[in-house]
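These notes are about the structure you will find just below.
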Amino acid sequence: MTARVGFRIEGGAVARLVIDRAAKRNALTRAMWAALPGLLADLASDDEVKVLLVTGDGASFSAGADIRELISGSDPADPMAELRASNLQAQAALREFPKPTIAVVRGHCIGGGLEIAVNCDFRFAARDASFGVTPARIGVVYPPAAIKVLLDLVGPATTKYLLFSGELLTADRAELKGLVDRVEDDPMAAAEAFADTLVSRSQLTIRSAKESVNALLAGENADAAAVRRYRETIASGELAEGIEAFTQKRSPKFVWHPL
């Protein structure tokens, strides 16, 4: 277990990145946003890690940004500039993390907490979880890059509802809106079981699919990267093993490692 600037990391094939400020309901500081890309880079380079679970310590996922820091920047005309830059870099690093990510949410998932959750691939929530984006309550202009992530996930109507009203959604309503993938009595157990399934699958297929989805959402052409992966699945023996295992009615033993 490793602790870093408001986070702790628990390693393994199914690793955990835990927001570790339970006394402050896991409110996120600028230092935490700034540390996140480096933590994710370390996890991405660890071949043992196949899936990353992102969660909060204690009763809440995260209640959002540390409110005291919102106007503490050095530029009087835009005191949020430094915080905003760190925040957007952290969101991008999580969104572009090459391995599957699952946000496991209990309690409050608000503001910056929701930004972390929606930049994960999946969201598994406890029945008592609540979700919201609250800039309209305090007069913050929400960054377009963060709006785009919400827009891609839940569409324009729900994005506007969340941003205009600042109201919180229950876990059940969030699931209906597409903000949450699964609502469970024990979301961590459900996430771990799903992560074990992902670990057993072709990591090359998963990596390629995530690359393509991210490229298409960004309006980019994904064909060249997919062709490279097509060739890699042959050269690595991954496809041959998958087909052989299928015909022999056994579980495949995939050994591909990202290059």
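Condition test on Leu168, is it at pLDDT 95 or above and buried (at least 21 other Cβ atoms within 10 Å of the Cβ)? Let's see the steps before the verdict.
Numbers: at pLDDT 95 or above: yes; buried (at least 21 other Cβ atoms within 10 Å of the Cβ): no.
The answer is no for Leu168.
Yes/no per residue for (1) surrounded by fewer than 14 Cβ atoms within 10 Å (Cβ to Cβ); (2) modelled with pLDDT of 95 or more; (3) in a loop (DSSP other than H, G, I, E, B):
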position: Ala3; (1), (2), (3): yes, no, no
position: Pro37; (1), (2), (3): no, yes, no
position: Leu43; (1), (2), (3): no, yes, no
position: Val49; (1), (2), (3): no, yes, yes
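Residues are listed down the side, and each one gets a yes or a no for (1) in a helix (DSSP H, G or I); (2) in contact with an Asp or Glu (Cβ under 9 Å, 6 or more places away or on another chain); (3) at pLDDT below 95:
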position	(1), (2), (3)
Cys109	no, no, no
Ala117	yes, no, no
Ala125	no, yes, no
Asp128	no, no, no
Tyr142	no, no, yes
Lys148	yes, no, no
Thr158	yes, no, no
Ala195	yes, no, no
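Scan (1) more than 22 Å from Ala92 (Cα to Cα); (2) in the same structural domain as Ile234 (by TED's automatic domain parsing) for the single condition Pro187 breaks and write down its number.
(2)
Of Leu216, Leu176, Leu239, which residue is surrounded by 14 or more Cβ atoms within 10 Å (Cβ to Cβ) and of a type in the set (A, V, I, L, M, F, W, C)?
Working: Leu216 fails: surrounded by 14 or more Cβ atoms within 10 Å (Cβ to Cβ); Leu176 fails: surrounded by 14 or more Cβ atoms within 10 Å (Cβ to Cβ).
On inspection, the qualifying residue turns out to be Leu239.
The values are calculated or read from the model by the stated rules, or taken from the named source; none is laboratory data. If you're wondering where the values come from, they're calculated on a predicted model, not measured in any experiment. Cβ atoms come from the backbone with ideal geometry, glycine included; neighbour counts cover every protein chain shown.
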